[in-house]
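The values are calculated or read from the model by the stated rules, or taken from the named source; none is laboratory data. Bear in mind the structure is a predicted one, so any value in this text is a computation, not a measurement. Please note: Cβ atoms are built from the backbone with ideal geometry, for glycine as well, and neighbour counts cover all protein chains shown. Note: accessible area is taken over every heavy atom of the protein model, side chains too, but ligands, DNA and RNA are not part of it. Shrake-Rupley method; radii C 1.70, N 1.55, O 1.52, S 1.80 Å.
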Amino acid sequence: MIFAAGIGSRLKPFTLHHPKALAEVAGKPVLQHAMEHLHDNADISRMVVNVHHFADQIISFLKDPPYADDIDVSVSDESERLLDTGGGLLAALPLLEKNIGTDDDIVVLHNADIVTDVDILSIINELITTDADAVLLMSHRDSSRHLWFDKNSRLVGWENVNTHSLKPYGFIPDMGLHKFGAFGGIHAIRLSRLAPHLREYGSIYGNVFSLIPFYLAIIGNADIRAYFPESEYHWFDIGTPDKLAACNKSFITR
């Protein structure tokens, strides 16, 4: 599933008239980069794309796409209300579950504004090897928000470095026991295991929520893990004009 519904307020003026997912890098919309990478690197051919901001433009793009013919795309339409990543996944469950068999319930989640050549298969393999419920792509880049993990790479907490806010209640980071990182906008999950938690969380907190607070809320009942790739890879968040320009420059200079 590719999260392409966001308003992209930091990417103005482009997003005053277009969805962030259609911002171009090296002549291609970032949505297309994500789709092609998922397809070419991990042989993923069934995808769900959620839409909200200028939804009609993304739907039009998907109807006549310049990518592999064997990619089957379904649209999860959030035109009436933006649901954030957790609510977006909850709303898309019927589309995802329709295409998943009992022995093949792994779903890769990918933010549309992330352009990367990270090995998607390595994230999937980490999920399979550890038998975790979710594996999050992590890095050691600078970030104002940290996710904290224990020595077995299991999620234990979250911190806003600027405000010193911590979650969940009572969590205190300990550098002797914990390690931290910055989330990279890509995760692999066991849908059949997380779907009941998603539905329960939505019934309690409503259907608009982010996946990170959701993960933090279920760490007592689910195995959420970090994955720090050992091999080098390119990674860009194109969420601002400067970051989009830096990503384009990287493609030109490679």
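Annotation note: of ARG145, ARG141, the sole residue that is within 29 Å of ILE204 (Cα to Cα), among the basic types (Lys, Arg) and either open to solvent by less than 10 Å² (accessible area, probe 1.4 Å) or out of contact with any helix residue (DSSP H, G or I) (no Cβ under 7 Å at 6 or more places or on another chain) (or both) is ARG145. For region 14-58, the candidate set comprises residues that are part of a loop (DSSP other than H, G, I, E, B) and at pLDDT 95 or above; within that set, the residue that is farthest from ILE186 (Cα to Cα) is HIS17.
For region 220-254, the set of residues classified as of a type in the set (A, V, I, L, M), out of contact with any Cys (no Cβ under 7 Å at 6 or more places or on another chain) and either without any contact (Cβ under 8 Å) to a residue 40 or more places away in the chain or surrounded by 15 or more Cβ atoms within 10 Å (Cβ to Cβ) (or both) consists of ALA222, ILE224, ALA226, LEU244, ALA245, ALA246, listed by residue number. Residues considered: GLU80, GLU97. Of these, the only one that is open to solvent by 10 Å² or more (accessible area, probe 1.4 Å) and part of a loop (DSSP other than H, G, I, E, B) is GLU80. Evaluated against (1) over 19 Å from PRO19 (Cα atoms); (2) open to solvent by 40 Å² or more (accessible area, probe 1.4 Å); (3) touching a helix residue (DSSP H, G or I) at 6+ places or on another chain (Cβ under 9 Å); (4) not polar (S, T, N, Q), LEU38 falls short on exactly one condition, (2). Of the set (1) buried (at least 16 other Cβ atoms within 10 Å of the Cβ); (2) assigned to a loop (DSSP other than H, G, I, E, B), all apply to GLY176 but (1).
Residues that are farther than 19 Å from ILE71 by Cβ and touching a residue at least 60 places away in the same chain (Cβ under 8 Å) were ranked within region 13-23; the one that is least open to solvent (accessible area, probe 1.4 Å) is ALA23.
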